[in-house]
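Written out below as structure tokens is the structure these notes cover.
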Amino acid sequence: MSFAVSDAVSLALHTALNGLSQRQNVIADDIANVDTPGFRARSVEFESSLREAIDSGSFEAGRSGASPVAATEVPSDTPVGANGNNVDLRKETIAAMQTQYSYQILGRAMTDHLALLKTAAGS
């Protein structure tokens with residue numbers, strides 16, 4: 001059985017998963033360019049925007065339109081090396097592991113939430 005879920009919790013979890021996915025892609029790009037002269041590392045920020053959307057009720061049922069959460073890419077403040085590159089492989093690896101862990105936790109939360117909705121619906 002397939003059904004669309006548009007409750008506030010599902011939408012917030014989905015939005016967080018999208019933000020983490022974007023972060024993982026940026027981290028992978030940073031790592032791939034660790035030796036590229038002049039390359040500047042970036043990071044993805046979305047948590048404060050997500051928190052504001054949740055606090056303001058932007059995910060409440062009946063609201064439609066574009067996501068109220070903006071995941072933004074910002075330049076890293078890591079010092080620049082001699083070749084103009086500022087990718088810190090250690091920092092990027094830790095960020096990748098943290099992001100993967102967060103994604104797994106949120107994925108599990110989404111699975112559990114959908115199971116709860118299915119049970120509540122009597123399916």
(message) Among the residues that make up the stretch 72-95, is at least one of them of a type in the set (Asp, Glu) and at pLDDT below 95?
(response) yes
(message) Of the conditions (1) at pLDDT 95 or above; (2) in contact with a helix residue (DSSP H, G or I) (Cβ under 7 Å, 6 or more places away or on another chain); (3) not charged (D, E, K, R), SER67 satisfies every one except a single condition; which number is it?
(response) (1)
(message) I'm trying to understand the selection: among the residues of the stretch 37-63, which are modelled with pLDDT under 85 and either surrounded by 12 or more Cβ atoms within 10 Å (Cβ to Cβ) or of a type in the set (Lys, Arg) (or both)?
(response) SER58, PHE59, ARG63
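Is it true that some residue in the stretch 47-61 is among the small types (Gly, Ala, Ser) and touching a strand residue (DSSP E or B) at 6+ places or on another chain (Cβ under 6 Å)?
no
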(request) Would you check which residues across the stretch 35-63 are of a type in the set (S, T, N, Q) and in contact (Cβ under 8 Å) with a residue 40 or more places away in the chain and list them? (result) THR36, SER43
(request) Six or more apart or on different chains, Cβ under 8 Å: which pairs go from a residue in the stretch 19-34 that's closer than 22 Å to VAL69 by Cα and at pLDDT 95 or above to one that's among the charged types (D, E, K, R) and in a helix (DSSP H, G or I)? Could you list them? (result) GLY19/GLU47; ILE27/GLU92
(request) Report the residue count in the stretch 64-123 for those that are of a type in the set (D, E, K, R) and either crowded, with 16+ Cβ neighbours inside 10 Å or farther than 26 Å from GLU52 by Cα (or both). (result) 5
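The values are calculated or read from the model by the stated rules, or taken from the named source; none is laboratory data. Owing to the predicted nature of the structure, the values given are computational and were not obtained by experimental measurement. Virtual Cβ from ideal backbone geometry, glycine too; neighbours counted across all protein chains shown.
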